[in-house]
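Some notes on the structure that comes next.
The values are calculated or read from the model by the stated rules, or taken from the named source; none is laboratory data. This structure is a prediction, so every number in the text was calculated from the model and none was measured. A quick note on method: Cβ atoms are made from the backbone with ideal geometry, for glycine too, and the neighbour counts reach across all protein chains shown.
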Amino acid sequence: MSKDMNQAPAPSGPLAGVRVIDLTQFVLGPYCTQTLGDLGADVIKVEEPGGDRQRMGKAPNSQTMGPLYVALNRNKRSVALDLKEEAGRALLRELVKTGDIFIHNMRPDAVARLGFSYAEVAKIKPDIVYVEAVGYAPEGPYAGRQAFDDLIQAASGACGLEQMINPNAEFRPLPSIVADKTCGLFAAIACLAALRHKEHTGEGQYVLVPMLETFTGYLMAEHLYDETYIPPLGRFGHTFTLTPNRKPFKTKDGYLVVLPANQAQSAKFMELGGIPNAYESERFLSAPKGGGRVKEYYAMMNEAAASHTTDEWMDLCKANSIPGMRANRPDEIFEDPQLKETLFEEREIEGQGPYRAMRPGLRFAKTPVSIRLDPPEVGQNTDEVLAELGLKVGS
């Protein structure tokens, strides 16, 4: 369990000493700034007095510590400022003077009305790295429109990915806030690149992260495929990714994904599953060449998989150098032996009680990352942060 929640532990991680002024809400921005916080940055989460709108949701002892907020806001300090009032804006301007990165995902006209466009922030801190996440690149016809994860998934082609395998599948977004999270990671990459430029030149700069263009490029990296060339050489979509056979095999008690790297490995898997000499068997050789043999291959692989439990297959695959892994249902990840050991950590939010945190995945030998601060209540750190500036609330 974590202790001394009111005190910020000594900085750690490769970004120790970097201060992020974070005006983001929802998912994209908080996921980006949490990543920077995990890497050691001092993230100052500037919230309106009512708090980030993602704070809503069930929580044991609070109306402002909902599960999505908790998942996206560790390693941050919360400062509550009413930016509709000049007093709040004045305090933010003082805070900007201490920042290395200023990031928001408000609409550009809204942040400009508050007085915190890039031009205004750069007057306060000329070497600031100013990161603005928007829905659409400004030179296109969608510029200025509202953007949320489902809207970006819709325009990027994500809603139709399942139909590329099954034409009867429903046309719908992927069941994850994947566009926001992906663009959040790209925003973090952009922050690091701009900091590198600043280190070499002393220059800050304006950085734009347009969601649609960023996410579509990520999503379609493999699926342009033969459409990469002009004129196209053939089909749209990555052949291996879209095969209907790309799915787990049913074992005696669960599921297993097997990805043999060559014929010898798949033959060994089938042998271990009770089908020796599969490629020389009558059932395989008598099948029509091409699609018929592919169909027979997967039939034999399915039969073999059903001969052992998932745990037995995990041991057999390891012993025989066959690429294989248990396939967990989403609610089974808590009992996965690898994830239990490496990902999940029980911590405690003061006044809220214990919660399940997911540790940062990255590992650094010299500058280790860690969870230093649990998600804060609204304005929990206002006094301490302003005191660091030599200011008081209301000054």
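This table checks each residue for (1) in a helix (DSSP H, G or I); (2) in contact (Cβ under 8 Å) with a residue 40 or more places away in the chain.
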| residue | (1), (2) |
| --- | --- |
| Pro138 | no, yes |
| Arg145 | no, no |
| Ile152 | yes, yes |
| Phe171 | no, no |
| Gly184 | yes, yes |
| Ala188 | yes, yes |
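Does Phe236 satisfy the criteria of being touching a Leu at 6+ places or on another chain (Cβ under 9 Å) and assigned to a loop (DSSP other than H, G, I, E, B)? Walk me through it before giving the result.
On the way: touching a Leu at 6+ places or on another chain (Cβ under 9 Å): yes; assigned to a loop (DSSP other than H, G, I, E, B): yes.
Answer is yes for this residue.
So which residues in the stretch 234-283 are farther than 30 Å from Asp336 by Cα, surrounded by 13 or more Cβ atoms within 10 Å (Cβ to Cβ) and in the same structural domain as Glu303 (by TED's automatic domain parsing), if there are any at all?
Result: Ala278, Tyr279, Ser281.
To keep it simple, each residue is scored yes or no on (1) touching a helix residue (DSSP H, G or I) at 6+ places or on another chain (Cβ under 8 Å); (2) under 25 Å from Gly202 (Cα atoms); (3) of a type in the set (A, V, I, L, M, F, W, C).
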position: Ala90; (1), (2), (3): no, no, yes
position: Arg93; (1), (2), (3): yes, yes, no
position: Val96; (1), (2), (3): yes, yes, yes
position: Gly99; (1), (2), (3): no, yes, no
position: Phe102; (1), (2), (3): yes, yes, yes
position: Val111; (1), (2), (3): no, no, yes
position: Phe116; (1), (2), (3): yes, yes, yes
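Looking at the structure I just gave you, is Phe284 more than 30 Å from Asp127 (Cα to Cα) and aromatic (Phe, Trp, Tyr)? If you could, list the steps in order and put the result at the bottom.
Numbers: more than 30 Å from Asp127 (Cα to Cα): yes; aromatic (Phe, Trp, Tyr): yes.
Considered against the rule, which asks whether it is more than 30 Å from Asp127 (Cα to Cα) and aromatic (Phe, Trp, Tyr), Phe284 comes out as yes.
In the list Pro231, Pro260, Pro276, which residue meets the criterion of being modelled with pLDDT under 95 and not polar (S, T, N, Q)? Give the steps one after another, and end with the answer.
On the way: Pro260 fails: modelled with pLDDT under 95; Pro276 fails: modelled with pLDDT under 95.
After ruling out the rest, the residue left standing is Pro231.
Consider Ser321 against the criteria (1) assigned by TED's automatic domain parsing to the domain that holds Tyr31; (2) small (Gly, Ala, Ser); (3) in a loop (DSSP other than H, G, I, E, B): it satisfies all of them except one. Which criterion is unmet?
Just one mismatch for Ser321, condition (1).
If you check Leu36, Leu95, which single one turns out to be assigned by TED's automatic domain parsing to the domain that holds Thr382, closer than 17 Å to Glu384 by Cα and part of a helix (DSSP H, G or I)? Steps first, answer last, please.
Working: Leu36 fails: closer than 17 Å to Glu384 by Cα.
Checking each option against the conditions leaves just Leu95.
Checking Ala357 against (1) loosely packed, with under 13 Cβ neighbours inside 10 Å; (2) within 25 Å of the chain's Cα centre (by Cα); (3) modelled with pLDDT of 95 or more, only one condition comes out false. Which one?
With respect to (1) loosely packed, with under 13 Cβ neighbours inside 10 Å; (2) within 25 Å of the chain's Cα centre (by Cα); (3) modelled with pLDDT of 95 or more, Ala357 is out only on (1).
Keeping to the stretch 105-126, report how many residues are touching a residue at least 24 places away in the same chain (Cβ under 8 Å), surrounded by 13 or more Cβ atoms within 10 Å (Cβ to Cβ) and of a type outside the set (A, V, I, L, M).
Initial filter on the stretch 105-126 (touching a residue at least 24 places away in the same chain (Cβ under 8 Å)): 105-109, 111, 114-116, 118, 121-122, 124-126.
From what's left, surrounded by 13 or more Cβ atoms within 10 Å (Cβ to Cβ): 105-108, 111, 114-116, 118, 121-122, 124-125.
Among the residues that remain, those that are also of a type outside the set (A, V, I, L, M) are: 105, 107-108, 115-116, 118, 125.
Final tally of qualifying residues: 7.
Pairs, please: C-beta under 9 Å, at least 6 apart or cross-chain, first residue assigned to a loop (DSSP other than H, G, I, E, B) and in the stretch 260-280, second surrounded by 12 or more Cβ atoms within 10 Å (Cβ to Cβ) and β-branched (Val, Ile, Thr)?
As it stands, the answer is Pro260/Ile322; Ala261/Ile322, since those pairs meet every condition given.
With Val178, Val131 as the choices, which residue is within 20 Å of Gly29 (Cα to Cα) and in contact with a strand residue (DSSP E or B) (Cβ under 6 Å, 6 or more places away or on another chain)? Spell out the reasoning first.
Working: Val178 fails: in contact with a strand residue (DSSP E or B) (Cβ under 6 Å, 6 or more places away or on another chain).
Of Val178, Val131, the one residue that is within 20 Å of Gly29 (Cα to Cα) and in contact with a strand residue (DSSP E or B) (Cβ under 6 Å, 6 or more places away or on another chain) is Val131.
Only one of Arg326, Arg356, Arg363 is free of Cβ contacts under 8 Å to residues at least 60 places away in the same chain and touching a strand residue (DSSP E or B) at 6+ places or on another chain (Cβ under 7 Å). Can you tell me which? First the steps, then the outcome.
Values: Arg326 fails: free of Cβ contacts under 8 Å to residues at least 60 places away in the same chain; Arg363 fails: touching a strand residue (DSSP E or B) at 6+ places or on another chain (Cβ under 7 Å).
That would be Arg356, the only listed residue that is free of Cβ contacts under 8 Å to residues at least 60 places away in the same chain and touching a strand residue (DSSP E or B) at 6+ places or on another chain (Cβ under 7 Å).
When you go through (1) buried (at least 19 other Cβ atoms within 10 Å of the Cβ); (2) touching a strand residue (DSSP E or B) at 6+ places or on another chain (Cβ under 8 Å) one by one for Leu195, which number turns out not to apply?
Here Leu195 meets the rest and fails (1).
How many residues are among the small types (Gly, Ala, Ser) and surrounded by fewer than 20 Cβ atoms within 10 Å (Cβ to Cβ) if we restrict to the stretch 127-154?
Residues flagged as among the small types (Gly, Ala, Ser) and surrounded by fewer than 20 Cβ atoms within 10 Å (Cβ to Cβ) within the stretch 127-154 amount to 5.
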